[in-house]
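The values are calculated or read from the model by the stated rules, or taken from the named source; none is laboratory data. Worth saying up front: this structure is predicted, and the values here are computed from it rather than measured. Every residue, glycine as well, gets a Cβ built from its backbone with ideal geometry; the counts of neighbours run over all protein chains shown. Accessible surface is based on the protein model in full, side chains and every heavy atom, while ligands, DNA and RNA are left aside. Shrake-Rupley method; radii C 1.70, N 1.55, O 1.52, S 1.80 Å.
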Amino acid sequence: MRTAFLSGAFWILAICIVSCRLDLQAQEAGKTSGTLAPPNIIVILADDLGYGDLGCYGAKTIPTPNIDLLAAEGIRFTSGYCSASTCTPTRYSLLTGRYAFRQKGTGVAPPNSPSIIPAGTPTVASLLKSSGYHTAVIGKWHLGLGGPGGPDWNGAIRPGPLDFGFDDCFLMPTTNDRVPQVFVKNDRVLGLDPADPLWVGETKPSEDHPTGLTHRSSLKMNWSHGHNATIHNGISRIGFYTGGTQARFRDEDLSDHWAGQADSWIRSHRDKPFFLYFCSHALHVPRVVHERFAGATPHGPRGDAIVELDWSVGALLKTLKECNLDENTLVMVCSDNGPVLDDGYEDRAIEALGDHDPNGPYRGGKYNVFEGGVRTPMIAWWPSKITPRVSDEVICTIDYPRTFAAIAGAQVPPEACTDSVDVSRVLLDPTAKGRSSLVVQDNGQSGNYGYREGKWKLIRSDSQRASNVELRLTPTMLPKYQLFDLESDPGETRNLIEQRREIADGMIERLQMAIH
Ligand code: NG6
Ligand code: CA
């Protein structure tokens, strides 16, 4: 009896010791294997920032110490891509994990564009929200707002981000060269006086309505093409508007608004994992920086806007540090498309360029699918998990939904985000491989694609025209197909389509399969 008792006690003790040890081992393993609390996730999406525009990517005359610090402490990708070379399709894909060319109406959205994300589409925000994250978008939206008739500027503006998984939003509706210059907070224009309703349209509202054509000499920044309709703050824009006077912002203050909103939002959501989609407008036209950044570089407003962007990244980092959130927050920095110089205003971007290379060693930029249009600065920073390094693995902004879902432990329905690839291992494991192939596009459904497989890059140009290939907007005629070896010819200057027909034919076929 006594022996039976002792042997029972022995086994209980033994089980306790073993389970305690297992528990300790599990806790230890958790520190290194990813079972810590899910991280906060911040996407900092710059606008029209080129591969060569940051110090950490080779810029010599544009100081970007805050972004450079993220790169030094995190992963600096040399083959990071945005999925398109204009804003709307890249943003569409970044949120939905679906290529924009699969849907009509996904080219650059006009001022009164209705919401273009189909109702009920899962997004990176809705996936993370379903996993307990608090979610917000602050900055430029440019994915349309409202039902089929477009936004009801004086009422509830739905659908919008609140219908796509965001708990909170503070937006500029399209771009700042498009009307109107107001913020949308959640589903209303912020600070709108009902006695002064906001009207937005495509045609001049009255004969005497001042425009960039009729009042050109009064402008503080002259337009060079397009951008000659309603004037606000001494700058004429795309589209017309009247009213909403009290709700209008000053261009110079945009970055301060984004940073201020992000600061207070992070502080009030510090206790729960959050996802912040932070879309700075810098360096999109009109490039009008705050007075304190004017002259920060020798390159005029385009360079100064990059310094302003870097300042806002520094402000975000400061908030994270003050909230003790800097260890377990994943920050991704990237751009929505490649660079452009004269994009419609006379802001000396060409004249003051000097030796600066906005697209680094690459050719092309915004509006085309040469590498300069789609290869973007891409930085991943997550101090408790990421070992600092430079990575040549291929990853793309369209991969964010599945990648972040994997990191947050969120379920992705099989029919959701079908073009998105989970590249979370590339962030966490220096030996992991990125994408073996990638499709990129230009704008909307033009039929122009870039297709990369390893060192090979195919360009398919159904329109046979491309813009901004030499960072000037004059069109360039292209053959339907071109093939480049990015290893020996990163600048895409030698079309090898005839010499390497066997490679090209296979890629043409696989691209066709991928876009179907
Ligand atoms: C173009 C605009 C350009 C810019 C672009 C969209 C003209 C002549 N050009 O149509 O200035 O607004 O659209 O840029 O109007 S994006 O970064 O939002 O895609
Ligand atoms: Ca853009």
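Per-structure values
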{"read-out": "Solvent-accessible area per residue, Å², over the chain with all protein chains present [probe radius 1.4 Å]", "value": "39"}
{"read-out": "FRET efficiency, ASP429 to SER206 (Cβ-Cβ, R0 45 Å, nearest 0.05)", "value": "0.10"}
{"read-out": "Karplus 3J(HN,Hα) series, Hz, for the stretch 498-514 with 6.51 cos²θ - 1.76 cosθ + 1.60 (x for Gly, Pro)", "value": "7, 5, 10, 4, 5, 5, 4, 4, x, 5, 4, 5, 5, 4, 4, 5, 5"}
{"read-out": "Per-residue SASA entry for HIS284, accessible area with 1.4 Å probe, Å² rounded to 10", "value": "10"}
{"read-out": "Antiparallel content of DSSP bridges confined to the chain, in %, to 5", "value": "55"}
{"read-out": "Added length on full extension, which subtracts the Cα-Cα distance from 0.36 nm per residue, ARG250 to SER384", "value": "44.4 nm"}
{"read-out": "Computed over the stretch 441-514: relative contact order in percent, which uses C-alpha pairs under 8 Å that are six or more apart", "value": "22"}
{"read-out": "Length released on extending from THR78 to GLN464, taking residue separation times 0.36 nm less the Cα-Cα span", "value": "136.1 nm"}
{"read-out": "GLN411 paired with LYS321, simple spin-label distance in nm, labels 7 Å along Cα-to-beta-carbon", "value": "4.1"}
{"read-out": "The stretch 441-514 - percent of accessible surface contributed by carbon and sulfur, probe 1.4 Å", "value": "51"}
{"read-out": "Nitroxide proxy distance, nm - points 7 Å out along Cα→Cβ at ARG510 and ARG494", "value": "2.2"}
{"read-out": "Residue among LEU483, VAL469, ALA504 farthest towards the positive dipole end of the stretch 441-514, charges placed on Cβ", "value": "VAL469"}
{"read-out": "Length released on extending from ARG158 to ASP271, taking residue separation times 0.36 nm less the Cα-Cα span", "value": "37.8 nm"}
{"read-out": "Listed pairs LYS129/LYS185; LYS104/LYS480; LYS104/LYS366; LYS60/LYS318; LYS318/LYS433 exceeding 30 Å between Cα atoms", "value": "LYS318/LYS433"}
{"read-out": "Total charge dipole magnitude, the stretch 285-408, about the Cα centre, Cβ charges on Lys, Arg, Asp, Glu only, Debye to nearest 20", "value": "360"}
{"read-out": "About the Cα centre, charge dipole magnitude for the chain (Lys/Arg +1, Asp/Glu -1 at Cβ), debye", "value": "1000"}
{"read-out": "Dipole of the chain, positive direction: furthest Cα of PRO298, PRO173, GLY160, with charges on the beta-carbon", "value": "GLY160"}
{"read-out": "Shape of the stretch 398-455, Cα gyration tensor, a/c cut at 1.5", "value": "oblate"}
{"read-out": "GluC sites (Glu not before Pro) within the stretch 192-273: DSSP coil, no more than 13 neighbouring Cβ in 10 Å", "value": "GLU202, GLU207"}
{"read-out": "Accessible heavy-atom area order of GLU73, GLU502, highest first, probe of 1.4 Å", "value": "GLU502, GLU73"}
{"read-out": "For ARG510, solvent-accessible area (1.4 Å; no DNA, RNA or ligand), Å²", "value": "100"}
{"read-out": "Cut-off under 5 Å, modelled amide H: who pairs with THR135 long-range", "value": "ASP167, ASP168, PHE275"}
{"read-out": "Mean residue ellipticity (222 nm) of the chain, computed from DSSP H runs ≥ 4 via -39,500 (n - 2.57), nearest 500", "value": "-8000 deg cm²/dmol"}
{"read-out": "Dipole in debye (nearest 20) - the stretch 275-326, about Cα centre, beta carbon charges: Lys, Arg +1; Asp, Glu -1", "value": "80"}
{"read-out": "Charge sum, other residues only, whose C-beta stays under 13 Å from ASP326's C-beta, Lys/Arg counted +1 and Asp/Glu -1", "value": "+1"}
{"read-out": "With DNA, RNA and ligands ignored, accessible area of VAL200 (1.4 Å probe; Å², nearest 10)", "value": "10"}
